[in-house]
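Visitor: Right, I'll just put the structure down here and ask away after.
The values are calculated or read from the model by the stated rules, or taken from the named source; none is laboratory data. Every value quoted in this text rests on a predicted model; they were computed, and no experiment measured them. Reconstructed Cβ throughout: ideal geometry from the backbone, glycine too, with neighbour counts over all protein chains shown.
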Amino acid sequence: MSGYAEGIVVLLCINAIAAMGVSLLTGFTGIFSLGHAAYMALGAYTTAILTVQHGAHFLPAIMLGACVAVAVAFFIGIPTLKLMGDYYAIASIGLGEAIRLILENWQSVTRGARGYPGIDNYTTLPVALAFVVIMGILMFNLINSRFGRACKACRDDHVAASLLGFNTARIRVASLMISAFYCGVAGALLGGFLSFIQPVMFDMMKSTELTAVVVFGGLGSMSGCLLGTAVITLVTELFRPISQFRMLIYGAVLVIIMVLRPEGIMGNRELLSWIKDPFGRRSK
């Protein structure tokens with residue numbers, strides 16, 4: 001495999017990890033968010049500081065970076081997840097931009113808008129593949145567990161879920177924390193892949209891209225989320241030579257899929273069930 005192709009696969013793995021986190025919150029819990037790039041930034045900067053300035057090994061540094069994202073998500077989620085529907089999406093934009101601006105102006109720690117260079121290139125292809133496989137297995141087990149079914153109940157009707165005995169507030173906060181963990185790991189891996197991070201890399205455009213991938217693949221389908229990530233990543237990379245038209249093609253692909261399949265590529269079905277029954281018929 002050439003170095004360029006290997007880089008695309010690594011980037012695909014990183015995007016897939018972040019998209020799985022957003023899919024859990026948006027697709028399975030029903031909380032629309034446009035600020036998850038901030039959690040990627042927290043994971044990336046924490047890991048970079050630990051590895052560069054303190055000589056920490058990248059594995060515990062990645063875990064600590066993800067835990068910082070989880071802690072911030074916990075303190076943000078308790079007051080903001082009381083908001084419903086579009087109100088939380090608007091709040092998430094402000095929170096994401098606030099975190100980005102803090103990183104941009106805290107020059108003594110983050111070097112501000114100049115970026116943070118000199119990060120060890122620890123995100124190799126085996127490392128990226130190992131992370132995406134392990135975290136993918138954990139996520140698929142999670143959405144099929146009791147917690148995953150509780151998340152789906154909150155998504156479908158949080159009032160009915162509360163009446164059935166689900167602690168919807170705790171489920172929503174836990175979903176946000178797990179989602180932030182995945183995005184924190186993805187941000188840390190991105191820093192190790194590029195060896196350089198900058199606050200502008202984690203702006204609202206990145207958050208919108210993550211949410212668009214989840215909607216593109218299908219809300220309520222983790223397989224669709226991964227498939228959508230692969231399609232969008234490959235489209236943006238394949239048309240990089242014609243960079244002036246790349247975003248136009250990217251937008252056209254999104255529009256075409258949304259017109260032909262408003263529910264997304266996979267809808268709310270997983271790939272395994274679609275292979276067994278491609279037309280959605282119930283087995284008798």
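Visitor: Looking only at residues in the stretch 191-208 that are outside any helix (DSSP H, G or I) and more than 22 Å from residue 125 (Cα to Cα), which one is modelled with the highest pLDDT? If you could, list the steps in order and put the result at the bottom.
Guide: To start, the set of residues in the stretch 191-208 that are outside any helix (DSSP H, G or I) comprises 195-198, 203.
Now narrow it down to the ones that are more than 22 Å from residue 125 (Cα to Cα): 198, 203.
On the way: 198: 91, 203: 87.
The qualifying residue modelled with the highest pLDDT is 198.
Visitor: Look at residue 4 and say whether it is in a helix (DSSP H, G or I) and within 11 Å of the chain's Cα centre (by Cα).
Guide: no
Visitor: Do we have residue 60 as modelled with pLDDT of 90 or more and surrounded by fewer than 18 Cβ atoms within 10 Å (Cβ to Cβ) here?
Guide: Working: modelled with pLDDT of 90 or more: yes; surrounded by fewer than 18 Cβ atoms within 10 Å (Cβ to Cβ): yes.
So residue 60 passes the test.
Visitor: Suppose we filter 254, 190, 234 for residues that are surrounded by 15 or more Cβ atoms within 10 Å (Cβ to Cβ) and more than 16 Å from the chain's Cα centre (by Cα); which single one remains?
Guide: One residue alone meets the criteria, 254.
Visitor: Still on this structure: Name the residue that is nearest to residue 221 (Cα to Cα), counting only residues in the stretch 131-156 that are among the charged types (D, E, K, R) and without any contact (Cβ under 8 Å) to a residue 60 or more places away in the chain.
Guide: 149
Visitor: Among (1) buried (at least 19 other Cβ atoms within 10 Å of the Cβ); (2) in a loop (DSSP other than H, G, I, E, B), there is one condition residue 165 misses while meeting the rest; what is its number?
Guide: (1)
Visitor: From the list 31, 78, which residue is within 19 Å of the chain's Cα centre (by Cα), at pLDDT below 90 and either closer than 27 Å to residue 153 by Cα or among the small types (Gly, Ala, Ser) (or both)? Let's see the steps before the verdict.
Guide: Values: 78 fails: within 19 Å of the chain's Cα centre (by Cα).
So the residue among 31, 78 that is within 19 Å of the chain's Cα centre (by Cα), at pLDDT below 90 and either closer than 27 Å to residue 153 by Cα or among the small types (Gly, Ala, Ser) (or both) is 31.
Visitor: Another one. For residue 244, only one of the following conditions fails: (1) surrounded by fewer than 16 Cβ atoms within 10 Å (Cβ to Cβ); (2) at pLDDT 75 or above; (3) not basic (Lys, Arg). What is its number?
Guide: Checking residue 244 against (1) surrounded by fewer than 16 Cβ atoms within 10 Å (Cβ to Cβ); (2) at pLDDT 75 or above; (3) not basic (Lys, Arg), the one that fails is (2).
Visitor: Sticking with this one: Output the qualifying pairs, or none if there are none: Cβ atoms under 7 angstrom, residues six or more apart or on different chains, first residue in the stretch 113-130 and in contact (Cβ under 8 Å) with a residue 40 or more places away in the chain, second residue among the charged types (D, E, K, R) and outside any loop (DSSP other than H, G, I, E, B).
Guide: From the stretch 113-130, the pairs are 113/104; 125/6.
Residues checked against (1) assigned to a helix (DSSP H, G or I); (2) under 28 Å from residue 226 (Cα atoms):
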| position | (1), (2) |
| --- | --- |
| 63 | yes, yes |
| 74 | yes, yes |
| 78 | yes, no |
| 84 | no, yes |
| 96 | yes, yes |
| 122 | no, yes |
| 130 | yes, yes |
| 138 | yes, yes |
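Visitor: Quick check on this structure: which one of 254, 219 is out of contact with any strand residue (DSSP E or B) (no Cβ under 8 Å at 6 or more places or on another chain) and not in a helix (DSSP H, G or I)?
Guide: 219
Visitor: Scan the stretch 40-57 for residues that are part of a helix (DSSP H, G or I), surrounded by fewer than 24 Cβ atoms within 10 Å (Cβ to Cβ) and not polar (S, T, N, Q) and report the count. Before you say what the answer is, go through the steps one by one.
Guide: Quick first cut of the stretch 40-57, residues part of a helix (DSSP H, G or I) only: 40-53.
Applying the additional criterion that residues be surrounded by fewer than 24 Cβ atoms within 10 Å (Cβ to Cβ) yields 46, 49-53.
Retained after the next criterion (residues that are not polar (S, T, N, Q)): 49-50, 52.
Qualifying residue count, the stretch 40-57: 3.
Visitor: Residue check: is residue 37 within 17 Å of residue 180 (Cα to Cα), in contact with a strand residue (DSSP E or B) (Cβ under 6 Å, 6 or more places away or on another chain), surrounded by 14 or more Cβ atoms within 10 Å (Cβ to Cβ) and in contact (Cβ under 8 Å) with a residue 12 or more places away in the chain?
Guide: When the stated conditions are applied, residue 37 does not pass them.
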